[in-house]
Amino acid sequence: MKILYIAEIVGKAGVYALKMALGELKKQKPADFVIAGADGVTGGNGLGRNHAAYIHKLGINVLTTGECCFYKKDLVENLGKIPYVLRPENLNPQAPGIGARVYNIGTAKIAVAVLLGQSGFTRLHGDNPYSRLPALLERLRQETPYVIVDFHAEATAEKRTLFALADGACSAVIGSHNRVQTADETILPGGTATITDAGRTGSRNSVGGVDPDERIQEYLTGIPDWTKEAWAQPEIQGIYLDIDKHGKSLSIERIQWPAPEPPVKEKSSAEEEEPGD
């Protein structure tokens, strides 16, 4: 089983990179199933319904979210009707949407789950992911040996602790949220592939997908401004997994796949309307 995970898509530049480069990437890295982090698609924070539908049509099977999952009202109102969008599993069960689902791939099945970390998030709080994980994985493994967990967390120690807990009980745990690709991809002794952070899809020459000059001003003035997206060096980042029939990872490979530089017209039109509208 070959799985392609697209790291967090950030803003219009991220959508552009996906639109322009995903097709060629999939030719070079054929995948049975494609997952994408989508917590920062719309305006750099959250996921709108139009963007969700548009990205799904580009060839993404499942979109995962994180602490920004409820930022866009049009998505929140429809989460229960969109099976290809997952919010964190360890939220209050009364919250809209679900955080884990089993999908069919021909005659096989794959399970995808999202967990939210507890450190550093102020607007959304999840239950303890460590206490939730064992029962969650046991339930999913009853349906399929192929189980992928997206752990959306801030702290490296929090991620690596969950990796250790999950080893041998799922195919992979992919760290997300920090938007900086780490170079610690590995397969743990029990056969679970891990990486602390898969990175971001969007501008490589940026600060988390945002224009560096704007972030400099934020640190100088104390006034946050994430409205100006960066467009320099657009690329798709992520990981590529090969999993055996028992659900154990055979290999994990980091992806850094460049997209063509956008013309000025593409940038200006992107500022005026949302892809997928």
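May I ask you to derive the relative contact order of the chain, considering only C-alpha pairs under 8 Å and at least 6 residues apart, and to give it as an integer percent?
It comes to 21 percent, rounded to a whole number.
Summing +1 for each Lys or Arg and -1 for each Asp or Glu, what net charge is found among the other residues whose Cβ lies under 13 Å from the Cβ of residue 191?
0
Shape of the stretch 137-252 from its Cα gyration tensor (a ≥ b ≥ c, root eigenvalues): rounded if a/c is under 1.5, otherwise prolate when a/b > b/c, or oblate?
Prolate.
Can you sort 79, 124 by 1.4 Å-probe accessible area, starting with the largest?
124, 79
What value, in deg cm²/dmol to 500, does the helix sum -39500 (n - 2.57) over DSSP H runs of n ≥ 4 give at 222 nm once divided by the residues of the chain?
After summing the helix terms and dividing by the residues of the chain, the value is -8000 deg cm²/dmol.
For residue 146, enumerate residues with amide H under 5 Å from its amide H, sequence gap 5+ or separate chain, H modeled in the peptide plane.
So residue 146 has HN proximity to 111.
Using a Cα-Cα cut-off of under 29 Å, which lysines could be cross-linked to residue 27, ignoring same-chain neighbours fewer than 8 residues away?
In chain and number order, the partners are 2, 12, 19, 57, 109, 245, 248, 265, 267.
Tell me, how many Å apart are the Cα centres for the stretch 84-142 and for the stretch 240-263?
22
What does the net charge come to around residue 36 if you take all other residues with beta carbon closer than 13 Å to its beta carbon, with K and R at +1 and D and E at -1?
With Lys, Arg at +1 and Asp, Glu at -1, the net is +1.
How do 168-175, 132-139 rank on mean C-beta neighbours within 10 Å, highest first?
For the peptides 168-175, 132-139, the packing ranking is 168-175, 132-139.
Any chance you could give the angle, 0 to 90 degrees and rounded to 10, that helix 11-28 forms with the longest Cα principal axis of the chain?
Value to nearest ten degrees: 50.
Rg (Å, one decimal) plus Dmax (Å, integer) for the alpha carbons of the stretch 1-157?
15.0, 42
If you roll a 1.4 angstrom probe over the protein chains with everything in place, what fraction of the accessible area of the chain belongs to carbon and sulfur, to the nearest %?
49
Need one value: the accessible area of residue 54 in square angstrom, 1.4 angstrom probe, rounded to the nearest 10.
Taking all protein chains as shown, residue 54 has close to 50 Å².
The values are calculated or read from the model by the stated rules, or taken from the named source; none is laboratory data. Since we're looking at a predicted model, the values are computed, not measured. Cβ: placed from backbone, ideal geometry, glycine included. Neighbour counts: every protein chain shown. Accessible surface is based on the protein model in full, side chains and every heavy atom, while ligands, DNA and RNA are left aside. Shrake-Rupley method; radii C 1.70, N 1.55, O 1.52, S 1.80 Å.
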